[in-house]
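Derivation of every value follows stated rules applied to the coordinates shown; laboratory data play no part. What you see is a predicted model, and the numbers here were worked out from it, not measured in a lab. Virtual Cβ from ideal backbone geometry, glycine too; neighbours counted across all protein chains shown.
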Amino acid sequence: MGDNVGDCAGRGADLFESTAAENIGAMILGAAIFTALPAATGDPSYILFSLVIGAIGLLASIVGILSVRPGDNPNPLAEMNRGFAVTAMLSVVGLAIGVAWMLDGEWWLFLAGLVGIVTAIIFLIITQYYTATNYRPVRNIAESSRTGPATNIITGLSIGLENTAAPAIVISLALGAAYYAGQQAALTGDAFINGVYGTAVATMGMLMSAGYVLAMDVFGPITDNAGGVVEMSNQSEEVRARTDVLDSVGNTTKALTKGYAIGSAALAAFLLFSAYLAEANLQSVDLSKIHVFVGGFLGAMLVFLFSSLAIRAVGRAAGDMIEEVRRQFRSDPGIMAGTVRPDYARAVDISTRAALREMILPGALAVTMPVVVGLVLRAEAVAAFLIVGTMTGILLALVMNNGGGAWDNAKKLIESGEMLDGDGKVLGKGSYPHAAAVVGDTVGDPFKDTAGPSLHVLIKLLATVTLVLAPLFT
């Protein structure tokens, strides 16, 4: 149930929010371009372009999904990558048609959208490198498990911190290239609006494949649940080995979706930040002003406090669950003997109540803090709060998402039987390295399944709240 809720419904809501926020920001900028154009050439296509491109992307994703035909290929990830390649190619074609049809062949904007599509591809490659079992990061964590859980956690955390570098560079290059392309299009006399619209088109391009990426994400919990069914029904080792391979790939595809979601949020962040500046009638943000600096500082702090509350919530709920399981085992020995069915409903109730109750404080904090900063420190401080909080949130989410995915697959790598001890004996399930990897995976789960994805929502929530309430802060 947790996999279904977290990795299907949760990620779907996350990407829906990304798409909705990007469309809102792009349409605001499109309206600015429309009003700036001469009356004779004023074209509402700039307002509607993001909606049309999103629809084309959905069609491309459907074709990409239908093109996946695994057959006898032992590598399911390679087949899904092929389907993504089909989606990306169709997205490029659809983007070109959309630009030619709606924007009168402004090919600089096509280039901006192409930057977004390429960014999505690069993000998937980076995430695969840091979370798949056949690359250095996951293998390093698995090797460090030979010496215990402490070294496993140290290595996993270092991998998580390391993986922020490549995405940050890619995002920076994408924003710069898209902004430059937008300026070259010269839609209006305002170079800033032109450049920001270029970043909006890049975000549209990146989100064109959202449907396919979400399908890859849902593959993860499907295979995870299948593995659970196989284990509970006492299937043969051959069947378990197959579901373990699929589960490992599913961990990678889930991480891909989280990397994709935070990458699209990063591209959309500058767009929404620019929309806020327009709504608040601000030309720039001066961090040398003390109240503006304080606003930015509070934005960074919110990200860490929010993450702390989310992780702590998992710890408390897990503790309650463990106590309930122990209580049932003590009160009814027949559960362990397999003669009595456990009270699953009680366990589900604990999880559901904790999920709702524990998120009240983080949710309230995310909504109220930008309002308080805006009312006390005013509009420019809120702009600093928004952009610094967004930057910090993007980097911390990358640490947690990919670090947690790497921890999980390090455990899967050991369970696959690929590691040997000095005598050539397989170090699989039940071995000391496996026990250490389980500890690391337990640490990584609240990182990749709770705090990291929650930061995606926080980033977009901050942008939405500040944008809607901008008139109050001026």
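Using only Cα atoms, what is the ratio of the radius of gyration of the range 42-197 to 2.2 N^0.38 Å?
Values: Rg = 20.2 Å, N = 156, 2.2 N^0.38 = 15.0 Å.
The value comes to 1.35.
Length gain on complete extension for the stretch Leu365 to Ala150, per 0.36 nm per residue less the alpha carbon to alpha carbon distance?
Using 0.36 nm per residue and subtracting the Cα-Cα distance, I get 74.1 nm.
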- [ ] Return the calculated 222 nm mean residue ellipticity for the chain, to the nearest 500 deg cm²/dmol, obtained by summing -39500 (n - 2.57) across DSSP H runs with n ≥ 4 and dividing by the residue count.
- [x] -27500 deg cm²/dmol
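Using a ≥ b ≥ c from the Cα gyration tensor of the range 368-474 (square roots of the eigenvalues), is it rounded, prolate or oblate, where a/c under 1.5 gives rounded and otherwise the larger of a/b and b/c decides, a/b for prolate?
Working: a/c = 5.26, a/b = 4.90, b/c = 1.07.
Note, shape of the range 368-474 comes out prolate.
First check a/c for the range 219-341, with a ≥ b ≥ c the square roots of the eigenvalues of its C-alpha gyration tensor; if it is under 1.5, answer rounded, and if not, answer prolate when a/b is larger than b/c or oblate otherwise.
Values: a/c = 5.10, a/b = 2.05, b/c = 2.49.
Judged from the Cα gyration tensor, the range 219-341 comes out oblate (a/c at least 1.5, b/c at or above a/b).
Might you report the magnitude of the Cβ-based charge dipole of the chain about its Cα centre, with Lys and Arg at +1 and Asp and Glu at -1, to the nearest 20 debye?
Values: 27 positive and 38 negative charges, 113 e Å.
Charge dipole of the chain: 540 debye, to the nearest 20.
Please state, rounded to one decimal and in Å, the Kirkwood hydrodynamic radius that the range 14-121 gives when every pair of distinct Cα atoms enters the mean of 1/r.
Working: mean 1/r = 0.0652 Å⁻¹.
The answer is 15.3 Å.
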Open item on the list: Using Cα-Cα distances under 8 Å and only pairs 6 or more residues apart, what relative contact order does the range 1-100 have, in percent?
Closed with: 21
TODO: Specify which residue in the list Gly404, Tyr344, Val373 is farthest towards the positive end of the charge dipole of the range 324-449, using unit charges on the beta carbon of Lys, Arg (+1) and Asp, Glu (-1), about the Cα centre.
DONE: Tyr344
Task: Zone residues, the range 216-233, relative to Val348, backbone N less than 20 Å from point 7 Å out along Cα-to-Cβ - done: 221-233
Open item on the list: Nearest 10 degrees is fine. How inclined is helix 290-331 to the longest principal axis of the chain, computing both from alpha carbons?
Closed with: 30
Open item on the list: Under a crude label model (7 Å from the Cα following the beta-carbon direction), how far is Ala226 from Glu238 in nanometres?
Closed with: 1.7
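Working out 0.36 nm times the residue gap between Ser158 and Thr474, then minus their Cα-Cα distance, what length gain in nm do you get to one decimal? Intermediate results must be reported in sequence, preceding the final value.
On the way: separation 316, 0.36 × 316 = 113.76 nm, distance 4.26 nm.
So the extension gain works out to 109.5 nm.
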Task: Net dipole in debye of the range 361-460 [+1 Lys, Arg Cβ; -1 Asp, Glu Cβ; about Cα centre; nearest 20] - done: 320
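How high is the relative contact order of the range 2-473, given as a whole-number percent (alpha carbon pairs under 8 Å, six or more residues apart)?
Relative CO of the range 2-473 lands at 22 percent.
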TODO: Rounded to the nearest Å, what's the spacing between the alpha carbon centres of the range 174-201 and the range 334-388? Just the number, please.
DONE: 37
- [ ] Multiply the residue separation of Thr442 and Thr35 by 0.36 nm, subtract the distance between their alpha-carbon atoms, and state the gained length in nm to one decimal.
- [x] 141.1 nm
TODO: Any chance you could check the Cα centroid distance between the range 225-266 and the range 402-464 for me, in angstrom?
DONE: 12
Task: Rounded to 10°, Cα long-axis angle of helix 107-131 versus longest principal axis of the chain - done: 20
- [ ] Report, to the nearest 10°, how far helix 11-36 tilts away from the longest principal axis of the Cα atoms in the chain, using its own Cα long axis and a range of 0 to 90°.
- [x] 10
TODO: Distance between Cα centroids, the range 128-164 to the range 49-117: provide it in whole Å.
DONE: 33
Task: Positive-end residue of Leu15, Asn234, Val294, charge dipole of the range 2-473 with Cβ unit charges - done: Val294
TODO: Putting +1 on Lys and Arg Cβ atoms and -1 on Asp and Glu Cβ atoms, find which of Gly94, Ala181, Gly428 reaches farthest to the positive end of the dipole of the range 2-473.
DONE: Gly428
TODO: State, to one decimal in nm, how far the label point of Asp104 lies from the label point of Ala355, with both points 7 Å from Cα in the Cβ direction.
DONE: 5.1
Open item on the list: Regarding the chain, what's the average projected area of the Cα-atom convex hull, expressed in nm²?
Closed with: 24.3
